[in-house]
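Step one of this worksheet: look at the structure below.
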Amino acid sequence: MKTAIIMGASSGIGCEVARLLLDEGWTVGLCARRMEPLRELLVGREDRGEVAQIDVTHTDAALKLRPLFGRMGHVDLYLHVSGIGRQNPRLEEAVELSTAETNATGFMRMVGEAFRLMEEQGGGHIAVVSSIAGTKGLGPAPAYSATKALQGTYVQALEQLARSRRLNISFTDIRPGFVDTPLLTGQSYPMLLSAPRVARHIVKAIARRRHVVVIDWRYRLLTAGWRCIPNWLWRRLNLLQKTERPDFVTL
């Protein structure tokens, strides 16, 4: 029986991945700020799960992860889904800083602790849900695209660190496109992906120990095209034409 901890399991992608793993017989530790959705996921299978109330922006969040690892024994997988995103073309300071607090500081706080705990237990698998938004700097969402780029680079750095120290820790960086989650309710986005579909891709990528996976094929083509655009031309692109509203996004 495999064990996993999912940070950000109360809704959206994290909830759907948790549901799939539970259906496959995993024992799962569910973490989020809201406890009730986590308990609902475990109805009828309480013997195969643990719940923990953790807010990644709190300075004691890592301390709360450690006892959860202890209760579950050896943890095969740590999956970090927790994150926020918001279009902010007016560059409101509060939006930029709150995004950085969750997606950068909170991310490093929890993934770093997962790394240390897996080193102590002798190995494991760390997977994170970053985004295709980290491929290039996106003017409509500066902090979001910047923090998602940070996440991909951080995971790459940890993978190199683990190898250089001969630690048995593997990593998967999962980069979905637009996903239909509660953050996008009532809004129109191109090539919208369903959360259950993305969750299936994630579980498959984790099983195959993929290093980096872009979900889905359409976004693989899109990001490949983005990388081919020279910086002098990218700076001149106007991405605000279809993204003028300061809504939340989950790229």
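The values are calculated or read from the model by the stated rules, or taken from the named source; none is laboratory data. Please read all numbers here as calculations on a predicted model, not as lab measurements. Glycine gets a Cβ as well: all are built from the backbone with ideal geometry, and neighbour counts include every protein chain shown. Please note that ligands, DNA and RNA were not included when accessible areas were found on the heavy atoms of the full protein model with its side chains. Shrake-Rupley method; radii C 1.70, N 1.55, O 1.52, S 1.80 Å.
Using only Cα atoms, find the angle between the long axis of helix 61-72 and the longest principal axis of the chain, and express it within 0 to 90 degrees, rounded to the nearest 10.
40
With +1 on each Lys and Arg Cβ and -1 on each Asp and Glu Cβ, how big is the dipole of the stretch 1-133 about its Cα centre, in debye rounded to the nearest 20?
80
Express the carbon and sulfur contribution to the solvent-accessible surface of the chain as a percent, rounded to the nearest whole number, probe 1.4 angstrom.
Here it works out to 52 percent.
Dipole size in debye (nearest 20) for the chain around its Cα centre, Lys and Arg Cβ +1, Asp and Glu Cβ -1?
900
What angle do you read, to the nearest 10 degrees and between 0 and 90, between the alpha-carbon axis of helix 195-207 and the longest principal axis of the chain?
Helix 195-207 and the main axis of the chain meet at about 60 degrees.
Roughly what would the spin-label model give for ALA207 and LEU221, points 7 Å off Cα along C-beta, in nm?
Here the modelled spin labels are 2.7 nm apart.
Sum up the charges of everything whose Cβ sits under 13 Å from the Cβ of VAL28, counting Lys and Arg as +1 and Asp and Glu as -1, but leave VAL28 out.
-1
If you place +1 on the Cβ of every Lys and Arg, -1 on the Cβ of every Asp and Glu, and leave all else neutral, what size is the dipole of the stretch 84-228 about its Cα centre, to the nearest 20 Debye?
That gives the stretch 84-228 a dipole magnitude of about 700 debye.
Could you state, as a whole-number percent, how many of the C-alpha pairs of the chain are farther apart than 24 Å?
In whole percent, the share of Cα-Cα pairs in the chain beyond 24 Å is 44.
For the stretch 19-103, I need the span (max minus min coordinate) of the C-alpha atoms along each principal axis, in Å, sorted largest to smallest.
48, 25, 22
So for each of 227-236, 211-220 I average, over its residues, the number of other beta carbons within 10 Å; can you give me the resulting order with the highest mean first? Don't jump to the answer; show the numbers that get you there.
Values: 227-236: 9.4, 211-220: 16.4.
Per-residue Cβ counts within 10 Å, averaged per peptide and sorted highest first, yield 211-220, 227-236.
Using DSSP, restrict attention to beta bridges with both residues in the chain and report what percent are antiparallel, rounded to the nearest 5.
5
Please report the net charge: other residues with Cβ closer than 14 Å to the Cβ of ALA195, K and R +1, D and E -1.
Net of charged neighbours comes to 0.
In deg cm²/dmol, rounded to 500, what helix-only [θ] at 222 nm does the chain give when every DSSP H run of at least 4 residues adds -39500 (n - 2.57) and the total is split over its residues?
One gets -13000 deg cm²/dmol as the mean residue ellipticity at 222 nm.
Cα axis of helix 142-164 to longest principal axis of the chain: angle in degrees, 0 to 90, nearest 10?
Here the helix axis deviates by roughly 50 degrees.
Expressed in nm to one decimal, what extension gain is obtained for the pair LEU233 and ARG90 from 0.36 nm per residue of sequence separation less their Cα-Cα distance?
Stretched fully, the LEU233-ARG90 segment lengthens by 49.3 nm.
Classify the stretch 137-182 as rounded, prolate or oblate, taking a ≥ b ≥ c as the square roots of the eigenvalues of its Cα gyration tensor: rounded when a/c is under 1.5, otherwise prolate if a/b is larger than b/c and oblate if not.
In terms of gyration-tensor shape, oblate.
Using the Karplus equation 6.51 cos²θ - 1.76 cosθ + 1.60 (θ = phi - 60°), what ³J(HN,Hα) coupling, rounded to whole Hz, does each residue of the stretch 14-24 give in order, writing x for Gly and Pro?
x, 5, 5, 5, 4, 4, 5, 5, 4, 5, 8
Just the accessible area per residue of the stretch 25-112, please: how many Å² with a 1.4 Å probe?
I get 47 Å² per residue for this part.
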